[in-house]
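Here the structure is laid out as structure tokens; the discussion comes afterwards.
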Amino acid sequence: MNALSPPDLLFRPMTDPFGRTIRYLRVSVTDRCDLRCFYCMSEDMTFLPKADLLTLEELDRLCSAFIAKGVRKIRLTGGEPLVRRNVMSLVRSLSRHLATGALDELTLTTNGSQLQRFATELADCGVRRVNVSLDTLDPRNSAPSPAGAISTRFWPASKPRAPRASRSRSTRWR
Ligand code: SF4
């Protein structure tokens, strides 16, 4: 049996206990959110201290290490990923792996509340689709988030792809 050298081990693809190669990584960049879906968060949530969170630079290093280990798709999640301060610097940084071809897809799951603000930059960074998890498209059935009213325009009209809602759930908004 051939012994693997340390560099071989470093770049050997990861496999799960069933021998399947791991190509997909979900990364939670924050536990915070601008909404309070009753099934997810209580109104008086206790969030992790910022000191306990990986910095954006550390997240970039971590994701890059996984890409070196064979991950081809990364999904940023939260909480709500777009409420993390300067999160677009992480998206921008990770997009270099799309440019080199090391990464096939960079995407995110979002509640949609911040997409009007970030959609153009996301598209510019190579994000071609997002999953929008929301409970209603009817503003009458939604409540304002602390940051303002929930927008139903999720993507600039000039962009070729509109995000699809991944699922619908019944929610009591607070
Ligand atoms: S939008 Fe998502 S992360 Fe935010 S409170 Fe609702 S279910 Fe939780």
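The values are calculated or read from the model by the stated rules, or taken from the named source; none is laboratory data. As the structure is a prediction and not an experimental result, all values here were calculated from the model. Using ideal geometry, Cβ is built from the backbone for each residue, glycine included, and neighbour counts are taken over all protein chains shown.
Observations
- Search result, residues across the range 20-48 that are within 14 Å of the ligand (Cβ to nearest atom), in a strand (DSSP E or B) and in contact with a helix residue (DSSP H, G or I) (Cβ under 9 Å, 6 or more places away or on another chain): Ser28
- Which numbered condition Ile74 fails, given (1) without any contact (Cβ under 8 Å) to a residue 12 or more places away in the chain; (2) under 15 Å from the mean Cα position of the chain (by Cα): (1)
- Candidate set from the range 64-117 (those that are among the polar types (S, T, N, Q) and either assigned to a loop (DSSP other than H, G, I, E, B) or buried (at least 21 other Cβ atoms within 10 Å of the Cβ) (or both)); member that is farthest from the ligand (Cβ to nearest atom): Asn86
- Among the residues of the range 96-125, those that are under 15 Å from Pro81 (Cβ atoms) and in contact with a Leu (Cβ under 6 Å, 6 or more places away or on another chain) comprise Leu106, Leu108, Thr110, Asn111, Gly112, Gln114, Phe118.
- Of the residues examined, Glu58 is not one that is surrounded by 13 or more Cβ atoms within 10 Å (Cβ to Cβ), out of contact with any Pro (no Cβ under 6 Å at 6 or more places or on another chain), modelled with pLDDT of 95 or more and of a type in the set (Asp, Glu).
- Test: Thr107 is among the β-branched types (Val, Ile, Thr) and farther than 30 Å from Arg20 by Cβ: no
- When the range 118-136 is limited to residues that are small (Gly, Ala, Ser) and modelled with pLDDT of 95 or more, the one that is farthest from the ligand (Cβ to nearest atom) turns out to be Gly126.
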